Amino acid sequence: MRRRLSYGMVGGGPGAFIGDVHRMAAELDGLARVAAGAFSSDAERSAAKGAEIGLDPERVYGGYAEMAEAEAARAGEDRLDFVIVVTPNHLHFDVARTFLDAGFHVVCDKPLTTELGDAEALCRLVAGGDRVFALTHNYGGYPMIKDARHLVRGGTLGEIRRVQLEYFQGWLATPLEETGHPQAVWRTDPARAGVAGALGDIGTHAHHLARYVTGLEVEALCGELTTFVPGRRLEDDASLLLRWSGGVRGTLTVSQVAAGEENGLAIRVFGSEGSIAWRHDDAETLWHRTPDGQARARRRGHGWISPEAARASRVPPGHPEGFIEGFGNLYRNVISTIGALDEGRTPDAADLDFPTVWDGARGVHFLERAVESGRRGAWVDARYEPPGGPGKPGESGEPGEPTR
């Protein structure tokens, strides 16, 4: 790119873990810098965060609407190139729509929105405009997940038969929200988190991970959603049976009350000619097993690894990469795409490997269907095509021409 892009952030104020993660990841490759922000709806807290990271006080705001209006009035290289949304879920729609309407590219944390109608409204808005919209399902940025995708979609496993997903955390095993813990308070509040608790917070990551690796879509599901902590208003544990396209079967189990677990995301894909397995606590390794009993540990950083995984690796083997780098790979692709478009160039196909607004709508639909199934205690149809979604470039990381 000819210049370093600038971005603004909405949310991510003092004490908000994920905002700092996004900022570090967006700036990891030196392709972008933070220039403005509405870090909190409390003007003093927003100002404090701006001062902490060295921003011009004139570009730190107490509200996102004020920020959108002021930043849209700037011109040339003084104008923001994109905006990152890291607020609680209930604000995603209004914030994203406001900045899209103001002409900015948007990167939004997951889940996309708390209601499917809002997600579809964003799909239509993006489809009818010239803005990039990325969703930060960051686990697709790990090199060995890209290697898994290469093997599965390349036919190495033969005919896919089963996809097993799990995501276990234990941080909500007690009523942490009653202590005023800021992250626990909003994540257990339906008004701010949306219709789902553990499924919305971490289950959406597992759902997207399976779609990204396999290219399959959920066609039907049957779920049991459980709230173990007394008084909690959203589920903190869920188990789903899944029927994927092409006759593939599978399960998804998530819990945020699995005492002792930290961030236990895992995926296994079984085919007629072998299987793959990946765990987040050993993210540098992808296990590939064949029917004759051979098991090979494919390790990040080696010369024989798939080109997609090699492109996502930054350091030699033996120097672990992880969470920030996975986020960084996503941001590198998004920023490179935005830079190419703004310079009138066609983005490289490899740079279009990031989740889009249509992936986000699929995630929201998945949540609503899972909650409906849990309420009814029955199988439900989960087939879905978001508005403008079929064949849209970038959906599930598929290369193609960007929307413009």
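The values are calculated or read from the model by the stated rules, or taken from the named source; none is laboratory data. This one's a predicted model, so the numbers in the text were calculated from it and none came from an experiment. A quick note on method: Cβ atoms are made from the backbone with ideal geometry, for glycine too, and the neighbour counts reach across all protein chains shown. The area values use the complete protein model at the heavy-atom level, side chains included, leaving out ligands, DNA and RNA. Shrake-Rupley method; radii C 1.70, N 1.55, O 1.52, S 1.80 Å.
Some notes on this structure:
- The lone exception for Pro111 - which of (1) in a strand (DSSP E or B); (2) crowded, with 24+ Cβ neighbours inside 10 Å; (3) out of contact with any Pro (no Cβ under 8 Å at 6 or more places or on another chain) it fails: (1)
- Test for Val106: is it of a type in the set (Val, Ile, Thr) and buried (at least 24 other Cβ atoms within 10 Å of the Cβ): yes
- For the range 36-62, the set of residues classified as over 22 Å from Gly328 (Cα atoms), open to solvent by 20 Å² or more (accessible area, probe 1.4 Å) and in a loop (DSSP other than H, G, I, E, B) consists of Ser40, Ser41, Asp42, Asp56, Gly62, listed by residue number.
- The residues in the range 248-283 that are of a type in the set (A, V, I, L, M, F, W, C) and under 22 Å from Asp237 (Cβ atoms) can be counted, and the count is 8.
- Test: residue in the range 76-84 that is open to solvent by less than 10 Å² (accessible area, probe 1.4 Å) and assigned to a helix (DSSP H, G or I): no
- Within the range 209-250, being in contact (Cβ under 8 Å) with a residue 60 or more places away in the chain and within 20 Å of His280 (Cα to Cα) holds for Leu209, Arg211, Tyr212, Val213, Thr214, Ala238, Gly250.
- Residue list for the range 63-75, restricted to those being within 23 Å of His92 (Cα to Cα) and loosely packed, with under 13 Cβ neighbours inside 10 Å: Glu66, Ala73
- Lone unmet requirement of (1) part of a loop (DSSP other than H, G, I, E, B); (2) closer than 23 Å to Pro387 by Cα for His90: (1)
- The set of residues in the range 349-387 being outside any helix (DSSP H, G or I) and more than 16 Å from Leu135 (Cα to Cα) consists of Gly377, Ala378, Trp379, Val380, Asp381, Ala382, Arg383, Tyr384, Glu385, Pro387.
- Test for Gly301: is it buried (at least 17 other Cβ atoms within 10 Å of the Cβ) and not in a loop (DSSP other than H, G, I, E, B): no
- Residue check, Gly339 in a helix (DSSP H, G or I) and under 16 Å from Arg131 (Cβ atoms): yes
- Options Gly391, Gly322: the member that is of a type outside the set (A, V, I, L, M, F, W, C), modelled with pLDDT under 95 and open to solvent by 60 Å² or more (accessible area, probe 1.4 Å): Gly391
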